[in-house]
Structure formats: structure tokens, C-alpha cells
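Since the structure comes first, as C-alpha cells, the remarks are kept for the end.
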Amino acid sequence: MRMAGGNAAIVLAAAPQRLRNADAPWPYRQDSDFHYLSGFPEPEAVLALLPGRPQAECVLFCRERDQLDERWHGKRIGTEGAVTGFGLNDAFPIDDIDDILPGLLEGRERLYCHFGREPEFDAHLLTWMRRLHDARGGGVVPRELMSLGYLLDELRLFKSRGELKLLRRASQLAVEAHRAAYTMAQPGCYEYAIEAELLRSMRAAGAVPSYPPTVASGKNACILHYADNHTRLECGDLVLIDAGAEWHCYASDITRTIPVDGHFTGPQRELYDLVQTAQSAAISMVCPGNDWDSVHGAAVRVITEGLCALGLLPGDPCAALESEAYKRYFMHKTGHWLGLDVHDAGDYRVDGQPRVLEAGMVLAVEPGIYVPQGDTTVAEAYRGIGIRIEDVVVVTASGPEVLSADLPTVAEEVEDMLAGRG
């Protein structure tokens with residue numbers, strides 16, 4: 001609230017409950033910014049932060065307790081529970097917000113909000129502003145509507161000790177889910193059965209998936225956002241598994257590519273080792289003082305040199321780097337911020353320059369190589385091979401901390417791990 005200033009207000013709505021179809025709702029997940037500021041887990045709530053207000057600076061509007069509704073849908077926290085359980089200064093029934101909130105905003109010069117994100121809430125916000133303007137005597141309406149992301153994105157980029165503890169747990173649960181899924185990843189199994197084991201492991205531990213898992217076998221691994229998960233695994237294939245767990249709204253993001261029958265073929269091993277070396281080079285750059293582009297650049301250099309050496313890219317590595325020919329097989333960035341969202345809040349460039357890494361930042365590091373099945377410019381043995389390796393990495397004062405390090409990436413260790421499958 002100090003960043004907003006004493007003459008500002010922050011108003012933020014909880015995520016609405018969304019329907020999957022007809023009257024069947026999706027599992028509820030709180031808005032990340034709302035969770036960050038309040039921890040309050042229910043829908044139909046509005047948070048107002050009012051710096052300098054002597055009566056209460058943190059005010060929540062939420063649903064009241066309702067015995068009849070709670071028999072159908074479960075216990076509500078209520079206004080008293082919001083104050084006692086979540087450290088808020090005061091709470092009012094959401095049904096009273098039209099009468100109370102406009103007065104709380106009177107005299108504030110700036111209003112920080114997520115205008116444009118939820119049209120229904122935007123309409124309510126404009127109604128409150130109009131009501132304040134039309135009040136007897138003419139209430140003083142905030143003159144500026146400011147993006148709340150301007151304040152929160154920078155805060156969310158740096159994780160506290162408590163947040164890092166949650167991210168470590170989310171990463172460990174994802175590691176356990178991957179290990180459980182590998183027992184299924186054998187010839188004759190279907191991708192959806194592996195997905196089911198990932199989900200079973202996470203839910204059994206009290207977590208949820210942080211995104212729909214990708215289980216891409218064979219040539220499917222060359223599709224970056226593959227989502228069907230319906231193909232039968234065949235002997236000799238690789239299977240790319242991209243799955244993260246969410247723990248108390250904090251996400252992990254882990255990808256491994258393993259041989260279905262437990263052993264890499266020669267061409268698979270060549271490309272796998274190249275991706276693994278590139279990831280190691282990129283992770284080594286996750287240190288305070290290095291910039292965001294240096295992480296990607298380290299992976300690009302290794303992959304480009306390796307593809308040229310293997311003959312997948314013609315000519316000299318320097319020329320391939322200059323022309324960006326590597327994008328034929330490595331077309332995405334090497335990572336992204338990670339936290340409450342899988343692709344978390346935070347700028348990647350500041351004043352036009354790559355963001356400099358600082359302790360407390362958390363990112364996923366995920367280089368890959370994807371050779372399309374129909375690429376006749378390369379030897380047939382390489383066609384249809386897709387490989388990605390991804391880990392959760394914290395920037396610390398002493399260097400990178402890999403939260404998902406318990407899941408091996410070195411080829412020999414991967415094969416040893418798979419040899420113990422039932």
C-alpha cells in the first residue's frame with residue numbers, strides 16, 4: 001500500500017465462478033492477485049485497500065454465512081471469519097457493497113484496479129464512481145484509473161521465504177507425480193493413462209495440476225502445445241511429459257523426455273544429450289547480475305553448435321546463430337517466470353533492456369529440440385524426435401537452486417531410473 005500512496009485506493013474482485021457447461025462449474029481457483037493480497041479463497045468478494053484510513057485500511061466485502069446455502073455448497077467463511085482468519089481490518093456483506101464502497105473511495109485521487117479484465121465487475125466499478133459523483137454535495141471521484149499490474153507485477157516477481165516454501169512443495173509433488181507416471185510409460189500404454197497417473201498422484205497429495213498435462217509420445221512431441229493425449233506408446237518411441245503441480249495456488253512446471261522402452265536409441269541420445277547440455281548451460285547463468293537474455297543465449301549457443309555438428313543445420317555455427325537458423329528446431333524461449341501463475345507476473349525487459357536477474361526470482365528453464373516427422377532435409381533417424389527438459393530454478397545470492405533436481409536429467413541416470421519400473 002505504500003507503493004500506491006496515501007491518496008490512492010486499490011479495488012480488486014475475486015475470480016468469478018465459471019461454468020464448464022450447463023450448470024456444471026469448473027473447480028474454483030482464486031484470482032492470483034486477489035490471493036496474493038488477501039489469501040481469501042472464495043468467490044463473490046471484493047477487496048478494498050485504503051492507505052492511511054484510520055478505521056480500517058484493508059476492507060473485504062464477502063458472502064455472509066448462510067445455513068441453507070451451506071447445506072448445499074459447503075461452509076462459507078463469512079465476514080467474521082474473514083477478519084479473524086485472514087488478517088483483514090474489517091469485512092462487510094457483499095450485498096451491502098453498493099452502499100458502502102463509494103464512500104470509501106471518496107477523496108482518493110487515484111484508483112488502482114484491473115479495469116478491462118472482467119466486464120461485469122467493470123460495470124459495477126463505473127456505477128460506484130457515478131454514484132459517488134452524483135452524491136449530494138458532489139463526492140470527490142478518483143481522477144485517475146491506474147493499472148493494478150503496475151504495482152503488483154514487480155512485487156510478485158520477488159518471492160518471499162513463505163512463497164519459496166510453497167514453490168518447493170509444489171515442485172516436489174510434481175517430481176513425485178512424474179515418477180509415478182513413469183511406471184506407466186511403457187509400450188502399449190496410452191498417453192491418457194499416463195496423464196491419469198499424473199493427476200492421481202497430485203490429487204492424492206492434496207495438490208491440483210497447475211496446467212493440463214502434456215503427454216506426447218513419438219512425433220507428437222514435436223507439437224509444442226500438444227493436448228490430445230490419446231496415442232498408444234510404441235517400443236522405440238520417446239515420450240515427452242510436461243506436468244506441474246499447484247500447491248496453495250503456487251505452481252511448478254517440469255518437463256522430462258524419456259524412452260518408452262527404457263533405453264535411448266543412438267539418434268535419440270545424441271539429441272537428448274544436446275538438450276541436456278543446453279539446459280545445464282542455461283541454468284548456470286541463473287545468477288544475480290546476469291540478464292534474462294543470457295539464460296536463453298547460453299542454451300541457443302549449445303543447441304546451434306550441436307545441430308551443426310550433427311548435420312541438422314548446414315554450415316558454420318556462427319552463421320547459424322546470426323541467421324537464427326536454429327529456430328527451425330528450437331523455436332521458443334528457454335524459460336519464463338514462475339509463481340502464482342505458471343507464466344508468472346513480471347517484465348522480461350526494463351527500459352528496453354533484458355531484465356537483470358536478482359535473488360528471489362523464480363523461473364522455469366526449458367530448452368528443447370523438435371524435428372518434424374516430415375523434415376526431409378535431415379537424416380531419417382532424427383525425424384519425429386521431440387525433446388524438452390524443464391526445471392524450476394530459484395535465483396539465489398550463491399547461484400541457481402533447482403527445486404526439481406530430484407528428477408534426473410542426465411541420460412544414464414534416466415535409464416537407471418527407468419530400469420527400476422515394475
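Go through the residues of segment 326-339 one by one and say whether even a single one is over 19 Å from ILE223 (Cβ atoms) and among the charged types (D, E, K, R).
No, every residue in segment 326-339 fails to be over 19 Å from ILE223 (Cβ atoms) and among the charged types (D, E, K, R).
Under 7 Å between Cβ atoms, at least 6 apart or on separate chains: pull out the pairs that start in segment 257-284 with a residue that is on the phi > 0 side of the Ramachandran plot and at pLDDT 95 or above and end on any residue that is in a helix (DSSP H, G or I) and not hydrophobic (A, V, I, L, M, F, W, C).
Pairs that qualify, where the first residue is on the phi > 0 side of the Ramachandran plot and at pLDDT 95 or above and the partner is in a helix (DSSP H, G or I) and not hydrophobic (A, V, I, L, M, F, W, C), are GLY262/GLU415.
For residues that are of a type in the set (Ser, Thr, Tyr) and either within 15 Å of TYR370 (Cβ to Cβ) or not assigned by TED's automatic domain parsing to the domain that holds THR409 (or both), scanning just segment 257-280, find the one that is surrounded by the fewest Cβ atoms within 10 Å (Cβ to Cβ). Spell out how you get there, then give the answer.
The first filter runs over segment 257-280 and keeps only residues of a type in the set (Ser, Thr, Tyr), leaving 257, 265, 272, 277, 280.
Narrowing the set further to residues that are either within 15 Å of TYR370 (Cβ to Cβ) or not assigned by TED's automatic domain parsing to the domain that holds THR409 (or both) leaves 257, 272.
On the way: THR257: 27, TYR272: 24.
Only one residue fits best here, namely TYR272.
Kindly provide the set of residues from segment 313-342 that are in contact (Cβ under 8 Å) with a residue 60 or more places away in the chain and either in a helix (DSSP H, G or I) or hydrophobic (A, V, I, L, M, F, W, C) (or both), ordered by number.
Answer for segment 313-342, where residues must be in contact (Cβ under 8 Å) with a residue 60 or more places away in the chain and either in a helix (DSSP H, G or I) or hydrophobic (A, V, I, L, M, F, W, C) (or both): MET331, TRP337, LEU338, LEU340, VAL342.
Here's a check for you: in segment 18-58, which residue that is farther than 19 Å from ASP95 by Cα and among the charged types (D, E, K, R) is surrounded by the most Cβ atoms within 10 Å (Cβ to Cβ)?
Only one residue tops the list, namely ASP33.
Please state which one of SER171, SER160, SER147 is among the hydroxyl-bearing types (Ser, Thr, Tyr) and at pLDDT below 95.
Going through SER171, SER160, SER147 in turn, just one is among the hydroxyl-bearing types (Ser, Thr, Tyr) and at pLDDT below 95: SER147.
Hey, any hits in segment 175-183 for a residue that's in the same structural domain as ILE254 (by TED's automatic domain parsing), over 23 Å from ARG383 (Cβ atoms), of a type outside the set (Gly, Ala, Ser) and part of a loop (DSSP other than H, G, I, E, B)?
yes
Can you name the condition, by its number, that LEU418 falls short on among (1) over 22 Å from SER171 (Cβ atoms); (2) buried (at least 17 other Cβ atoms within 10 Å of the Cβ)?
(1)
Residues of segment 271-320 being under 23 Å from GLU380 (Cα atoms) and touching a strand residue (DSSP E or B) at 6+ places or on another chain (Cβ under 7 Å), which ones?
Across segment 271-320, the qualifying residues are LEU271, TYR272, LEU274, VAL275, ILE303.
Quick check: anything in segment 139-159 more than 30 Å from PRO408 (Cβ to Cβ), free of Cβ contacts under 8 Å to residues at least 24 places away in the same chain, out of contact with any Cys (no Cβ under 6 Å at 6 or more places or on another chain) and outside the structural domain of VAL208 (by TED's automatic domain parsing)?
no
Among the numbered conditions (1) outside the structural domain of GLY244 (by TED's automatic domain parsing); (2) of a type in the set (A, V, I, L, M, F, W, C); (3) closer than 30 Å to VAL395 by Cβ, tell me where PHE121 comes up short.
The single condition PHE121 does not satisfy is (3).
Out of GLY87, GLY74, GLY103, which single residue is modelled with pLDDT under 95 and exposed (fewer than 12 other Cβ atoms within 10 Å of the Cβ)?
Of GLY87, GLY74, GLY103, the one residue that is modelled with pLDDT under 95 and exposed (fewer than 12 other Cβ atoms within 10 Å of the Cβ) is GLY87.
Which one of the conditions (1) buried (at least 16 other Cβ atoms within 10 Å of the Cβ); (2) touching a Cys at 6+ places or on another chain (Cβ under 8 Å); (3) of a type outside the set (Ser, Thr, Tyr); (4) not in a helix (DSSP H, G or I) does PRO187 fail to meet, given that it meets all the rest?
(1)
Quick check on my filter: what residues within segment 360-401 are within 18 Å of VAL295 (Cα to Cα), among the hydrophobic types (A, V, I, L, M, F, W, C) and surrounded by 17 or more Cβ atoms within 10 Å (Cβ to Cβ)?
Matches in segment 360-401: MET361, VAL362, LEU363, ALA364, VAL365, ILE369, ILE389, VAL392, VAL393, VAL394, VAL395.
List the pairs whose first member sits in segment 17-28 and is farther than 17 Å from GLU44 by Cα, whose second member is among the hydrophobic types (A, V, I, L, M, F, W, C) and not in a strand (DSSP E or B), and whose Cβ atoms are under 7 Å apart, counting only residues at least 6 apart or on separate chains?
Final answer for the pair search is ARG20/TRP26.
Does GLY206 fit the bill of being under 18 Å from ALA177 (Cα atoms), in the same structural domain as THR255 (by TED's automatic domain parsing) and modelled with pLDDT of 95 or more?
Working: under 18 Å from ALA177 (Cα atoms): yes; in the same structural domain as THR255 (by TED's automatic domain parsing): yes; modelled with pLDDT of 95 or more: yes.
Yes.
Could you check segment 324-349 and list, in sequence order, the residues that are out of contact with any helix residue (DSSP H, G or I) (no Cβ under 7 Å at 6 or more places or on another chain) and under 24 Å from GLN373 (Cβ atoms)?
GLU324, ALA325, LYS327, ARG328, MET331, HIS332
Among the residues of segment 208-221, is any more than 20 Å from the chain's Cα centre (by Cα) and farther than 19 Å from ASP261 by Cα?
There is no residue in segment 208-221 that is more than 20 Å from the chain's Cα centre (by Cα) and farther than 19 Å from ASP261 by Cα.
Is at least one residue of segment 390-405 of a type in the set (Ser, Thr, Tyr) and free of Cβ contacts under 8 Å to residues at least 12 places away in the same chain?
Quick first cut of segment 390-405, residues of a type in the set (Ser, Thr, Tyr) only: 396, 398, 404.
With the extra rule that they be free of Cβ contacts under 8 Å to residues at least 12 places away in the same chain, the set shrinks to 398.
Within segment 390-405, one or more residues are of a type in the set (Ser, Thr, Tyr) and free of Cβ contacts under 8 Å to residues at least 12 places away in the same chain.
Would you mind finding the one in GLU401, GLU380, GLU413, GLU390 that is assigned by TED's automatic domain parsing to the domain that holds VAL302 and closer than 26 Å to ASP31 by Cα?
Matching residue, one of GLU401, GLU380, GLU413, GLU390: GLU390.
The values are calculated or read from the model by the stated rules, or taken from the named source; none is laboratory data. Bear in mind that the values here come from a model prediction, so they are computed numbers and not experimental data. All Cβ positions, even for glycine, are placed from backbone atoms using ideal geometry, and neighbour counts span all protein chains on display.
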